[in-house]
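**Student:** Following this message is one structure expressed as structure tokens.
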Ligand code: IPD
Ligand code: CA
Ligand code: CA
């Protein structure tokens, strides 16, 4: 892969991180997006502007799929998938748990993923076939092989209907099966990086968008983990029910949530 892709992705992620930091420590200018619990801040829009500008300046012909804006489709077989600020609700409430997520897809295959958490200065990076890294140090998934050695992470989409009820039921069942704990950290891209780095063992969430999981998917795979749809099938860009794990407890997670 051209080194430029990686360098530009890292540069864009770091610059987005600086934007996060500036507004997190000041006025987040939070507004409602689609509802009172789906928020947008000045940092979402400014970070997206900066990341897209850097990519467009360097690779003007590439496609862009990003959360906040719509970009004209090109004939290129490259597409950048961007979440300019993942964890907006944390951000606007003053919880320092959020990141920027940037992935590059070539011919429908993820080739690069970068997730940057500016508050901890943690940069997660994966390139297809070259492993996964946290601040240049190789990472791998945990080796827990049972629920009673596993810490799980989940997330709640903004939906408050059927999927949320299914998710609450899943939490109950996992606790009955004696997992060590369940966390809701509030930024799906980071959740996946925490699986990749072995900080947690398994993750599930119903209804994610491509920008939430694109970079994290490559991180999990390159760190030796597994990521599928909730029925165990391959995750495609349009998939939304995601299960990620160290691989060893993957089927057990699917057995619980596929019945809900
Ligand atoms: C959200 C976060 C959250 C997840 C939601 C996402 P946003 O992204 O990743 O953890 O539960 O499903 O929409 O809106 O903060 O970019
Ligand atoms: Ca997101
Ligand atoms: Ca976002």
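The values are calculated or read from the model by the stated rules, or taken from the named source; none is laboratory data. Quantities reported herein were computed from a predicted structural model and do not represent experimental measurements. Glycine gets a Cβ as well: all are built from the backbone with ideal geometry, and neighbour counts include every protein chain shown.
**Student:** Against the condition away from ligand 3 (no atom under 16 Å from the Cβ), in a loop (DSSP other than H, G, I, E, B), within 20 Å of residue 229 (Cα to Cα) and modelled with pLDDT of 95 or more, how does residue 200 come out, does it pass?
**Tutor:** Yes: the conditions hold for residue 200.
**Student:** Filter segment 36-78 down to the residues that are closer than 19 Å to residue 20 by Cα and part of a strand (DSSP E or B), then identify the one that is modelled with the lowest pLDDT.
**Tutor:** Looking at the filtered set, the residue picked out is 38.
**Student:** Testing residue 172 on (1) in the same structural domain as residue 84 (by TED's automatic domain parsing); (2) without any contact (Cβ under 8 Å) to a residue 40 or more places away in the chain, one condition comes back false. Which one is that?
**Tutor:** (1)
**Student:** Can you list residue pairs whose Cβ atoms sit under 6 Å apart, with the first residue in segment 1-27 being more than 15 Å from residue 102 (Cβ to Cβ) and the second being modelled with pLDDT of 95 or more? Count only pairs 6 or more apart in sequence or on different chains.
**Tutor:** Listed by first residue and then by second, the contacts come to 21/118; 23/42; 23/43.
**Student:** Could you please find all residues in segment 79-128 being assigned to a loop (DSSP other than H, G, I, E, B) and either buried (at least 24 other Cβ atoms within 10 Å of the Cβ) or within 12 Å of the chain's Cα centre (by Cα) (or both)?
**Tutor:** Scanning segment 79-128 gives 87, 98.
**Student:** For segment 195-213, give me each residue that is under 13 Å from the mean Cα position of the chain (by Cα) and away from ligand 1 (no atom under 12 Å from the Cβ).
**Tutor:** 195, 196 - these are the residues of segment 195-213 that are under 13 Å from the mean Cα position of the chain (by Cα) and away from ligand 1 (no atom under 12 Å from the Cβ).
**Student:** Right, something else. Just checking, which of 186, 202, 131, 198 is at positive phi, in contact with a helix residue (DSSP H, G or I) (Cβ under 6 Å, 6 or more places away or on another chain) and away from ligand 2 (no atom under 14 Å from the Cβ)?
**Tutor:** 131
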